[in-house]
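Encoded as structure tokens, the structure appears first; notes follow it.
Each value in this text was obtained by applying a stated rule to the coordinates, not by laboratory testing. Here the structure is a predicted model, which is why all the values come from computation and not from measurement. Positions of Cβ are generated from backbone atoms using ideal geometry, with glycine treated the same way; all protein chains shown enter the neighbour counts.
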Amino acid sequence: MKKIVIVLMLLVSTVSFTQTKLYVHPDAESYVANTKMIAILPMKVQIKLRPKQMKDLTPEQLVQMGKDESLDIQKAMYSWFLTRKKRGSMLVDVQNPTTTNALLKKEGIDIHSYDDYLPSELGEILGVETVITGTYETSKPLSDGVGVAVAVLFGAFASTNTAVMNMDFTSTTDDELVVNYNKKVRGSIGSDAQDLVNILMRKVSRRIPYTK
């Protein structure tokens with residue numbers, strides 16, 4: 001019986017990794033040296049539910065799920081970088097997402113739709129030298145409220161959980177891509193979205209020139 005319990009615990013906690021795609025600009029160190037602060041913009045989130053799950057949600061609910069998820073990811077990323085900053089391993093400052101979102105809204109910019117603006121234009125509004133943008137795909141929402149709703153509707157352990165993050169660090173001085181990080185992780189039935197976000201952030205923080 002004890003052996004069975006141990007095996008089940010291992011199955012529940014297992015997270016597998018896939019190939020990492022990483023691009024770093026040849027002059028990345030120079031860009032980092034000239035960066036005082038970075039801003040994390042809300043990511044474009046896609047929640048990939050099964051067809052059976054999709055039919056129980058309206059298009060408006062699905063859009064709202066993505067927006068809620070993007071804000072939670074933005075906060076989670078900020079918290080992660082802030083912890084690294086306090087430990088002395090983050091080489092630049094990170095703008096509070098509340099400030100980032102408020103400054104964009106004051107300029108009439110939809111925080112979930114800013115593709116019409118160059119990074120240099122966003123940087124001028126935000127007062128930062130680098131902006132983080134990207135996409136995040138998940139099969140299980142991170143947001144507590146969304147996650148609970150999905151669990152109630154479809155079952156908490158309906159499927160394994162996967163997450164794909166494609167993150168860009170772009171200079172606002174010349175709109176040059178400094179870092180692109182693409183990573184996919186797959187968790188077992190017991191892993192939740194927060195586990196996957198933490199894993200992704202831990203991985204990226206080890207690979208980017210903005211940390212040491």
### Fewest-first ranking of D115, D72, D56, using other Cβ atoms within 10 Å as the exposure measure
D115, D56, D72
#### Entry: Kirkwood-type radius of the range 46-87, with distances r between different C-alpha atoms, in Å
12.0
### Simple label model, 7 Å out from Cα along Cβ direction - T83 to K212, nm
2.1
### Query
Which net charge results when you count Lys and Arg as +1 and Asp and Glu as -1 among the other residues whose beta-carbon is under 10 Å from that of V164?
+3
### Neighbourhood net charge (10 Å Cβ-Cβ; Lys/Arg +1, Asp/Glu -1) for G134
0
### Message
Suppose R0 equals 22 Å. What FRET efficiency, 1/(1 + (r/R0)^6) with r the Cβ-Cβ distance, do D110 and M37 give to the nearest 0.05?
### Response
0.45
## Note on the structure
Taking 0.36 nm per residue of separation between T98 and D175 and subtracting their Cα-Cα distance, the length gained on full extension comes to 25.4 nm
